[in-house]
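The values are calculated or read from the model by the stated rules, or taken from the named source; none is laboratory data. Predicted, not measured: the structure shown is a model, and the values here were computed from it. A quick note on method: Cβ atoms are made from the backbone with ideal geometry, for glycine too, and the neighbour counts reach across all protein chains shown.
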Amino acid sequence: MRIEGSVVLVTGANRGIGRALLTGFLERGAARVYAAVRRPAELERLAAEEPGRVIPLALDLMDPETVTAAAEAAPDVTVLVNNAATHGVGHLLDMDFGLVEQVLSTNVLGTLRVMRAFAPVVEANGGGAVVNVISVGAFGGTPALGGYPASKAALLSMTQAVRQDLAPRGISVHAVFPGPVDTAMMDYVIGHEPTFGDFPRATPDEVARATLDGLQAGEQDIFPDPFALEIQAEWLADPKALAERIAGIT
């Protein structure tokens, strides 16, 4: 996959991994990056620093009208990066059911909504790539993380399915599995479950750099940090043992 000259849309581009990916694409010569966020005003300063190369767009995964409008406003996209997600901490059997629904609906159906809107755009521009930022949490359910691991497992399965559908249309599909990352989302998790603070955290820049390296190399599954690579090795060796290990994190 050639990044130089590409036109990219990154969801959740205002902070964390999304912001690092936005910067990384610019540094590697992307012609333009659409920063798709719920509050585009947050990126006005960056857009002013990169006139014509950073285009803030309003997009809410759970608002179909904003997704449709974003696809119409960004008709030249060749690389779609689905990074936006939400979280909710708690145990599935007793946490607020509405919060579980929100996490599953946003991370799975919201991402699917964006892919359905932009797949025709990417195809019309001669093909390109879809990059889904998932999580190593897709490989096992951690009890204290509520619906988040389930949403990421579903996103992995969905990524595998659309990969087959999009290949004949000239679109490659890549799955990214970060481990713990030093982001506001991880701070939120640790604030509710301090045990998770014991895990090493990669920086968003490290994850973005490895993700773009993997994209350029054509890797379908990208494990972008040391902890993620450890999980990959365990997954390949003994998936059941890995699932039990992840389920044992409380």
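List of remarks:
- Single condition T106 does not satisfy, out of (1) surrounded by fewer than 20 Cβ atoms within 10 Å (Cβ to Cβ); (2) part of a helix (DSSP H, G or I): (1)
- Whenever a residue of the stretch 164-192 is among the polar types (S, T, N, Q), its partners that are part of a helix (DSSP H, G or I), lying with C-beta atoms within less than 6 angstrom and at least six residues away or across chains, give the pairs T183/G16.
- Condition met for D221 (touching a strand residue (DSSP E or B) at 6+ places or on another chain (Cβ under 6 Å) and either on the phi > 0 side of the Ramachandran plot or modelled with pLDDT of 95 or more (or both)): yes
Conditions (1) crowded, with 18+ Cβ neighbours inside 10 Å; (2) not in a strand (DSSP E or B), marked per residue:
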site: V81; (1), (2): yes, no
site: T86; (1), (2): yes, yes
site: M95; (1), (2): no, yes
site: E101; (1), (2): no, yes
site: G110; (1), (2): yes, yes
site: E123; (1), (2): no, yes
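- When V114, V130 are checked against the criterion of being under 19 Å from A30 (Cα atoms) and either of a type in the set (A, V, I, L, M) or assigned to a strand (DSSP E or B) (or both), V130 stands alone in meeting it.
Yes or no, residue by residue, for (1) outside any helix (DSSP H, G or I); (2) surrounded by fewer than 18 Cβ atoms within 10 Å (Cβ to Cβ); (3) small (G, A, S):
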{"position": "F196", "(1), (2), (3)": "no, no, no"}
{"position": "T211", "(1), (2), (3)": "no, no, no"}
{"position": "E230", "(1), (2), (3)": "no, yes, no"}
{"position": "A233", "(1), (2), (3)": "no, yes, yes"}
{"position": "K240", "(1), (2), (3)": "no, yes, no"}
{"position": "A243", "(1), (2), (3)": "no, yes, yes"}
{"position": "I249", "(1), (2), (3)": "yes, yes, no"}
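- Any hit, the stretch 52-73, residues being crowded, with 20+ Cβ neighbours inside 10 Å, in contact with a helix residue (DSSP H, G or I) (Cβ under 8 Å, 6 or more places away or on another chain), more than 24 Å from T203 (Cα to Cα) and in contact (Cβ under 8 Å) with a residue 60 or more places away in the chain: yes
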